[in-house]
Structures are given as structure tokens and as C-alpha cells.
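Before any comments, here is the structure.
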Amino acid sequence: MPTSRRAPAADANAQPGPRTLKKYPNRRLYDTRTSSYITLADVKRMVMGGEDFEVRDAKTGDELTRSILLQIILEEESGGVPMFSTEMLAQIIRFYGSAMQGPMGAMLEQNLKAFVELQQQFVGGKPPVFPNLMTSYLDQSRAVFEAMQDQMAVFGRFPPGKR
């Protein structure tokens, strides 16, 4: 059974910067701040608490944070009610390697930020500011569309600057 300790309360001895987790070849995660092994559930709690952390390969020092976050998403998608439909995941995969991979990632990130802001307004009891949200969304969508047209111009499908 993996051992897990809670991090001590923030104090004068707290280390600056993101918390460092080391991933060992046996797939165990070691929290350098608490000097203990932790589980993916512990990492999920850190994410939910908004804690800044990074995951590094214990042997090579390679950055593995995204890989661990994807593991948590996979576990969440496997149990309970999934957030992503099969079609949505297939569409995301189709963007990899295409000219639209970068703009699509940026658009998804901006839309998620807008959604979080809207959620915080609802939770905070404030009326949402829909005009600003819609303007932001339309600006993002327009930028993605223009980037797509620019990329297609490179391949000769549209003349550059014609919109």
C-alpha cells in the first residue's frame, strides 16, 4: 500500500517555486516537499487545490507533468461519466500534425478559461457578463478562422489576404 502524507501547512520553511514530484521507473511518484510517495489521487487533489507542481523523471530529469495529467484524465474518463465523447476525441486526434494543431490548442485553452470565469461568476453570485464573454469568444473564433485561411493560402487553396 503506497504511503502518503499530507503536506505541512505553509510556513516560513516552505520552498519557493512549484512543488517537485519525481517519477521512478517502478511508476511510483515521490513528493520531494513531504519526502513521501504519493498516488495519482494525491496529484489530483493538488490539481483541484490549484497547487503549482511539476513532475520530473527521477533518472533523466525529463519533464513529465503533462503525461501525469493525461493519466489522471484517462482514469477519470474510464470511471464514471466521461467528459469527452468518442467523436470529440477523434476530432482532437485529427488535428495533431495538421497546420491547425497550434491554433486549435490555443482556442480550446481560451474557451476553457472563459468557461472557468463564467463558472466563478455563477458560484460567486455575480451575474455573468455575457456580452464580454461572447465578444471574447467571437474574437477567438475569428482569429482561428483567419489563421486557418492563412495556412490554406500557403497550400494554394486561397489567395493570401482574401477573406
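The values are calculated or read from the model by the stated rules, or taken from the named source; none is laboratory data. It should be emphasised that the depicted structure is a prediction, and the values quoted were computed from it without experimental measurement. Methodologically, a virtual Cβ is constructed for each residue, glycine included, from the backbone with ideal geometry; neighbour enumeration extends over all protein chains shown. Ligands, DNA and RNA are stripped out before the accessible areas are found, and what is left, the full protein with its side chains, is counted by its heavy atoms. Shrake-Rupley method; radii C 1.70, N 1.55, O 1.52, S 1.80 Å.
Some notes on this structure:
- Any hit, the range 15-23, residues being at pLDDT 95 or above and open to solvent by 50 Å² or more (accessible area, probe 1.4 Å): yes
- Gln91 vs. criteria touching a helix residue (DSSP H, G or I) at 6+ places or on another chain (Cβ under 8 Å) and modelled with pLDDT of 85 or more: no
- Test result for Ala99, outside the structural domain of Leu29 (by the TED database) and either in contact with a Pro (Cβ under 9 Å, 6 or more places away or on another chain) or at pLDDT below 90 (or both): yes
- Inspection of the range 129-147 finds a residue satisfying the criterion of being of a type outside the set (Phe, Trp, Tyr), modelled with pLDDT under 65 and surrounded by 12 or more Cβ atoms within 10 Å (Cβ to Cβ).
- Every pair of residues 6+ apart whose Cβ atoms lie under 8 Å, when the first sits in the range 108-126 and is within 27 Å of Ala143 (Cβ to Cβ) and in the same structural domain as Arg142 (by the TED database) while the second is of a type in the set (Gly, Ala, Ser) and open to solvent by less than 80 Å² (accessible area, probe 1.4 Å): Gln110/Ser136; Ala114/Ser136
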